[in-house]
Amino acid sequence: VGGLTAVIGSALIARTGTPAARFAALGLVLVVMSWLALAHARRARQRNRLERVLLQIVKPSDPVAAERSARALRLLAHTETDAHYGSPELARQFVDETLKSIPLTAIEKRARRFAWLMDGLVVLALVASFATAVGAGRSVVEGVDVALAYRGRAPVKMLWLDVTGVSAQPPGYSRITEHSILFGSHVSELVGTTVSVRGVRARPGVDLVLTDGQHATEFVETGDGEVVAHWALLRSVQLKIAGRFGGTLIEQEDTILVDAEPDETPEVVLENEGQTVRLGRVSRVELNYHARDDYGLRQIDLVLRTTEREERRTLMRLDGQQRQQSGAYGLNVDDPFLREVHLPTLVRVEARDDNNLIANNWGISGWIKLEPPTPGEPEAERIEVLHQVHSKLVTWLADRVTSSNGADLARDREVALGALAQSQTEEHELWRWPTQVGLLLGALNEKLTQISAGGEQELSVLQEATLALDSVILELSQRDARNVSRTLASLADEVALGARQASSTEFQERGERRLDDALLSLPRGGRALGTLGDLGSDLASVVRATLVRIERARAAHDYTHVQLAAEYLSARLRRPEPSAGSAPTGGVETGAGRGQGSSRQRAASSNAAQRIERLLMELLQLRQEHRSGLELLERTVSASGPDTSAKDAMSSGDSEEAARLRRAAESLPYLGAEPDSALSSQVVAREQALGAAESIQRNRTGDALERVRAARDAVAEALLRSRREHRVTEIDQKGLRLLDEELIRQARILEQAVDRERKETGRRAADQLPEQVGAERQLAKRERRDDAVIPEGLRRDLEHAAGFMDLASDALENKDGTQALEQERRAQELLDHVDAQRPSRTAERDKENGQAKPSTSSNQGTVTPTGDPEAAARFRSRVQQGLSTQTPTGELGSAIRRYAEGLLR
Amino acid sequence: MKYHLFGSRSWLRVVFLAALGLALFASATWLLHRQPLQLPARSRISAAFFANPERIRSRIDSLDLEGAQDLLQQFRPESIEATRLRARLALYRADCDEARAILGPDSNLTGSARELSTVAEACARSMSAASVVTDRARSLWLRLQDDADAVWAPLVMDTAAQARAFVAGKLGVSPDTPLRIELVMDHASLSALTGLPIEAAETTGTVAVARFGRVTLLSPRSFKQGYPWQDTLAHEITHLLVTAATSDNAPLWLQEALAKHLENAWRAPRPHDGVPDQHEIARTAWLQGKSVGFERLGASIALLPNPEAAGIAYAEVYDFLDVVIRECGWNAIRLLLREIRDLGGERTDSALQSVTGYSIQEWTRRWRHKFFEHERAVQAPREEMATAQYLDTSRRLRLAELFDSVSRYDAVEEVTSGVIERTRVTELRNLAGHARLHRGSAPEALGVLGEASALNSMQGEWLALRGRALAELGRVAEAKVHWNWALAYSPSEERVACEGYLPSRGEAANNPGSALCSAATTSARSASEPLAE
């Protein structure tokens, strides 16, 4: 009974669930049970011991008898060990007699009284236990369950919730509505789904939770007497309902197994992924991609990555519902990102869906590797073409010099001219001819085609042509070598940076990759550089020798020396001078002093390259000066540029004219009016007339004339509208007519003044023209040499331009500004035609930077060019002048003007 | 008691003090002449006392690098001066990495240490991971910036050893002085290793510099036709040995004069030795008022404004010393060097006067007096040829080169035929000679190649072609001499290395298996097909 009582009490303590309570409960049971067991064992052990019976049973009832019996027992003990005390048999007999003499009545009486007491206690305990079992039996069971829990889980499962419904709400990006699922089943839901379990408590007063064994969420009361718990699904779980007692859970038997379906990242496929594109061979890289997602795409990006940096460009933003999307992106080779890198660039497309629940929801395609053109490759190709043409010329000249037979010479001629023609017409991917080379090739083709076979002229022209081309090759290769050298210096910098990174533990892998890339391009560039004449060959030998040292150090994992060698190479290539300097001799610290040795640089034996360069410079200057003159003429002829002398001529009497006009205008009423009404037109006429008077007062002839015309238009409009609107009373028709008459008179005076100005300006422009005519003639005449350097067509164009300028000069002398302007424009067209053979400034700059790129547009059309800011500015200027000269009239006049101005912006 | 220093027993005190002074003097002398490393540990303190910066610097300048190292070990390692000296010593040992590491970043340094740091940094970059060839038996060390030069490294070593032995004998210094030679690819590296401004190197066409105990030499590969590198090497070795002999106290004029005198004296005479005549150059410059003068030499001849001034300066110092040597002999020069070492560079005049009996001014008067001993007309600077003729020759030369490049030797002969007999342009004769050799006409080739005296400049290619022509005529011994001379100009050039032939263009060389020829042919082939992988 004691044990039972202890268990019940302990269960009630343990039910609080805290560890301390559980330990206390278990301790109580243990202590009670142990005590009972010990008492029982003790009693069993001492049952036959006379001393204990005398002491515990007899002595409380009859102390004298107990004492006497004890003495008898002691005597018996002495006789068994010491014969002097007597016979043991007698002593034993004495003991028997003594024990028999103990009175039993008192003892029995006392025993009965104790038994009654104990029976009462047991009954009392039984009653109490029964009452507890009846009143809090479940709590006792729960307590026992909690007390026996292992790792926070009770061994016996219990019913806690009568589940009335389970629902699942998938994440928003999936656009799936909430749906019910069966409790106790095995279902699959998207990651991010909220699972809600709803039900009625089976036993009140217990905290309920929904748990997966690791985490738990509490059930909360709803308004309808139920409880509900929401579970955010992040991984596959087995959800259970449990009652929580402190830190211990007593689970419910049935569970629901929910598999979490992860949201797949978008699948992106890039056409030709994994391949390598050599940028030098294409002008544009087409990136065709297709992205797909199981629920919907939100964004598609293009990612460009080099060893050093990454750039992300958004290609498309979507609504998050579209499940697949295809697209294309054209990456130009002159894209700023690609233009700045010298190492391979990786490109891929990435797409993400609308799922914000996970950190990285980007789907990626494979990489496409973009290999920048090997530095020097275009230049090497270009020089190679020139070398081929040159070698044909040399062979032809050699045959001519050695007086080979006519058939051989004819064949040489055909081969050489064919090579020349092909070099001019061939379409090249990576480069185009610099202006001077283009001019020379044209001139060579022209001259060599014209010379008669076998004549003395053939030899001299051929010789001149060969040496001229030789000098141009020398010039071009030297210039290209310098540009390529600087580009290679950047690659050497990459090697140095890579080595620095590789020597650090953190960036070793990146540094190695950078080294690999740079050391792949650098030797190629060095080999290309080696084809670019003496300077290129010289610098290439430096590249080759330094690369040997770099590889040696790298093989020994000595990145410090890799870096140092690369830094040396970079510094050397940034100073692309011949190894032995430009001094022609080794003059100092040599054995033989001056006259010994010579630099690797070879002097040109023809000044053709310098002549062409000078001609082009002069042409450019001439063209710019002529354009300035033309624009001046255009301004003056169109009377947009008032002249001080004209102002002086207008100064007398203009105040009176202005006062007359002002009086006429001020006679009109100044009333507020609705737009587009007769009254508003009248107001406009008044204001324009007053403005014209002001301009007359200030001697702004052109402006005054324009305003007078505008005022007349407004007067006519006001009269017309007044007739339509029948609002005669508000319109001062008489005043309007008087004003119109005055305006006509003023317009006549102003037109005369403008004409005087034009003539005066024409006279001044005529004074300037002869200088330009002379310059063009002189240039054409100077280049009229019988050599093969300047194309005949260019000379003809120059002479024709000079002729047109002569005509323009004559026209100006005859005060015919329009004719002069026409002739000037034709001369300018010819000069522009000559200049059109030059590459645009951008292309020229790219070329100078060693980045010969294919041309994408031509400036030769008559439509406003988009790529030439100067031409666009000229176009705008001309249209504006036209608009200022010929004011659009009529109802749509202002609209036309606005449109034209918008167009020009 | 009154104390008397010179009292009745003052003689005893005097004797005692004298004995003490004598003992101290003897100890100091003994310590001074004793190698510090041999000192027992307890004598280190006294050794450190003698290891002062001047003494260490003097050891370094005298190229006694081991001695300097020993002294440095006794010097206070924490002092700034010790750092500077250790870096300097590392540079003299050509250990640029160590010098760079010792000096650290430039920003912390000032003055000479900053200059040392700049040189160390640039040197470490330029020669990073360069290969080294050593000949311990002959105490020679050669570092190659371009591995392609390794093939003729033995030639460099032999030349250095021969020149050192001869010059050391002439100057009275040890013939075993270790030599460190750096062979570099370009002026930029030459400048980096020596601290010579690159603009100065390019302006004056400097090809070698002796500084920091090393000879830095531009590879003949840098020049199209090479240059007389053997004489240049001997010239620079002379500088090093004069520096060692005088503890770097010799004035610049004496340095350059001795180097100029000895640069080709170490070997047998060759064509174009003595061309141009240094005496004539000096005389003409003096009479035309273009004399540079000793006092205007500056820090280096390489820093003069142009090659012409450099040439005049060389001629003047050479001719001046020539007068001294003719009258006093080489023994006087050896004595002079010793005097300068002991007295210092600023007392060179005193040294010269004590050795020869005349001061520099007196010697200068005597030297200039020689200008008028043989009255000759002042020669105007020789024009190679009239401008028009030069232009014509230039065009012919280029055409001949172009024909040669496409193997049209008949056209080469044709285009050179009118001028070959009278031209002094070596390249033109080379082309004409090669065309005839290709045709198999060695006698004609020998004729158009002409004699050395008919050339405006000596070239390895000309010597090689002449050797080939002589060999084809059966005069093999003469041919071998020519080929050896040719190597003294441009050993890396294919025609020189292959004894007048061009195997890369299909010509069968006599020595195709030789390392020099093989390397030169490979190099020529890769140059003609640079884009091949």
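Any read-out appearing in this document is the output of simple, stated calculations on the displayed coordinates, not a laboratory observation. Computed from a predicted model, the values in this text were never measured in an experiment. Backbone-built Cβ (ideal geometry, glycine too); neighbour counts: all protein chains shown.
Some points to look at:
- Cα-based Lys proximity count in chain B, under 29 Å, for pairs eight or more positions apart or on separate chains: 8
- The distance between label points at A:ALA421 and A:TRP116 comes to 14.9 nm (points 7 Å beyond Cα on the Cα→Cβ vector).
- Each residue of region A:695-705 is assigned a 3J(HN,Hα), and the resulting list reads 5, 5, 4, 9, 6, 8, 4, x, 5, 4, 5 Hz, derived from the Karplus form 6.51 cos²θ - 1.76 cosθ + 1.60 (θ = phi - 60°), x at Gly and Pro.
- Volume in Å³ per residue [convex hull over Cα atoms, computed for region A:256-311]: 156 Å³
- Residue separation of A:GLN697 and A:SER283 scaled by 0.36 nm, minus their Cα-Cα distance, works out to 142.9 nm of gained length.
- Treating each Cα of region B:91-223 as an identical point scatterer and summing with the Debye formula, the log10 of I(q)/I(0) at q = 0.09 Å⁻¹ comes to -0.27.
- Residue by residue along A:395-402, Cβ atoms of other protein chains within 10 Å of the local Cβ number 6 on average.
- 5 angstrom amide H check on A:THR194, placed H, neighbours 5+ away: A:GLN169, A:LEU233
- Nitroxide proxy distance, nm - points 7 Å out along Cα→Cβ at A:ARG825 and A:ARG305: 5.8 nm
- Rounded to 0.05, the FRET efficiency of the A:PHE337 and A:ALA359 pair, given R0 = 30 Å and the Cβ-Cβ distance, is 0.65.
- Residues whose placed amide H lies under 5 Å from that of B:ALA250, excluding near-sequence neighbours: none
- Relative contact order of region A:68-138, defined on C-alpha pairs under 8 angstrom at six or more residues apart (%): 24 percent
- Extension gain, B:ALA299 to B:ILE80: 0.36 nm times the residue separation minus the Cα-Cα distance gives 76.2 nm.
- 5 angstrom amide H check on A:LEU287, placed H, neighbours 5+ away: A:TYR329, A:GLY330, A:LEU331
- Efficiency of FRET from Cβ geometry, A:GLN46 and A:ALA77, R₀ 25 Å, rounded to 0.05: 0.90
- 14 Å reach of a label modelled at A:THR222, 7 Å along Cα-to-Cβ, counting backbone N of region A:153-169: A:162-169
- Cleavage-rule hits (trypsin sites (Lys or Arg not before Pro)) in region A:135-206: DSSP loop, at most 14 neighbouring Cβ within 10 angstrom: A:ARG151, A:ARG175
- For region B:65-153, GluC sites (Glu not before Pro) are listed when DSSP marks them as loop and at most 10 other Cβ atoms sit within 10 Å of their Cβ; the list is B:GLU78.
- With R₀ set to 51 Å, the beta-carbon distance separating A:LEU182 from A:ALA20 gives a calculated FRET efficiency near 0.80.
- Separation in nanometres of the label points that stand 7 Å from Cα toward Cβ, at A:HIS557 and A:ARG317: 5.0 nm
- Full extension of the segment from A:GLU414 to A:GLU666, taken as 0.36 nm per residue of separation minus the current Cα-Cα distance, would add 82.2 nm.
- Global geometry of region B:268-311, whether rounded, prolate or oblate, following the gyration tensor of its Cα atoms and the 1.5 cut on a/c: oblate
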